[in-house]
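Report on the structure given below.
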Amino acid sequence: MQTANNKYLLAAAICCFAAALAHLGCIVFGGDWYRFFGAGEQMARMAEQGLWYPTIVTSFIVLVLLVWTLYGLSGACKIKRLPLTKLALILITSIFLLRGVSFVGLMPMFPENSLTFWLISSGICLFIGGLFAVGTWQQWAVLGDRNA
């Protein structure tokens, strides 16, 4: 799968990495960062109290975003091809786009998150999902079904 660089997948990978760093910042810097990013007062207070829940949840998100970064880089031919790259990119794209459009249904489950949080985070998810979608389509439109 050595084709020309895929700028969309590379941009998607960079965005995932930036999001992972922002989430990592919440773990490192605590409540003020949770508040700034709109995660809700409850998460911020739990972080300030040293409770494990915010760290575990946020660490999981960091790990997922880092794996998605690697798959974006793999699809963009910047690192070695990872197993099931095409399937992973399709799933990543779907998850980002679904998260971007389903925030209205998710809002009642997280009442402490601000409307600003939902609008900005959903917009970011739609943007990154769009990068993954265009990059994935572009990559396999060039290759056809080879190396799927």
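The values are calculated or read from the model by the stated rules, or taken from the named source; none is laboratory data. What you are looking at is a predicted structure, and each value in this text was computed from that prediction instead of being measured. Heads up, the Cβs are rebuilt from the backbone with ideal geometry, glycines too, and the neighbour counts pull from every protein chain shown.
Anything in the range 27-42 that is under 20 Å from MET107 (Cβ atoms) and part of a helix (DSSP H, G or I)? List them, or say none.
TYR34, ARG35, PHE36, GLU41, GLN42
Considering (1) in contact with an Asp or Glu (Cβ under 8 Å, 6 or more places away or on another chain); (2) surrounded by fewer than 17 Cβ atoms within 10 Å (Cβ to Cβ); (3) aliphatic (A, V, I, L, M), say which one LEU82 fails and leave the rest.
For LEU82, the exception is condition (1).
So, in the range 85-94, exactly how many residues are surrounded by 14 or more Cβ atoms within 10 Å (Cβ to Cβ) and in contact with a Gly (Cβ under 9 Å, 6 or more places away or on another chain)?
Within the range 85-94, residues that are surrounded by 14 or more Cβ atoms within 10 Å (Cβ to Cβ) and in contact with a Gly (Cβ under 9 Å, 6 or more places away or on another chain) number 6.
Out of all the residues in the range 11-39, which are surrounded by fewer than 19 Cβ atoms within 10 Å (Cβ to Cβ) and more than 25 Å from LEU131 (Cα to Cα)?
Within the range 11-39, ILE27, VAL28, PHE29, GLY30, GLY31, ASP32, ARG35, PHE36 meet the criteria.
Out of the residues in the range 133-148 that are modelled with pLDDT of 80 or more and not β-branched (Val, Ile, Thr), state the one that is surrounded by the fewest Cβ atoms within 10 Å (Cβ to Cβ).
Ranking the qualifying residues of the range 133-148, first place goes to TRP137.
Taking the range 34-87 on its own, how many of its residues are over 22 Å from SER114 (Cα atoms) and of a type in the set (S, T, N, Q)?
Here the count works out to 3.
Has the range 13-20 got at least one residue that is within 20 Å of SER114 (Cα to Cα) and at pLDDT 95 or above?
Checked the range 13-20: at least one residue is within 20 Å of SER114 (Cα to Cα) and at pLDDT 95 or above.
Within the range 62-77, does at least one residue satisfy the condition of being without any contact (Cβ under 8 Å) to a residue 60 or more places away in the chain, within 18 Å of ALA18 (Cβ to Cβ) and exposed (fewer than 13 other Cβ atoms within 10 Å of the Cβ)?
Yes, that holds for at least one residue.
Return the pair list, or none, for Cβ contacts closer than 6 Å from residues in the range 96-108 that are free of Cβ contacts under 8 Å to residues at least 24 places away in the same chain to residues that are part of a helix (DSSP H, G or I) and surrounded by 11 or more Cβ atoms within 10 Å (Cβ to Cβ), at least 6 apart or on different chains.
That search, which allows pairs on different chains as well, returns PHE103/TRP118; PHE103/SER122; MET107/TRP118.
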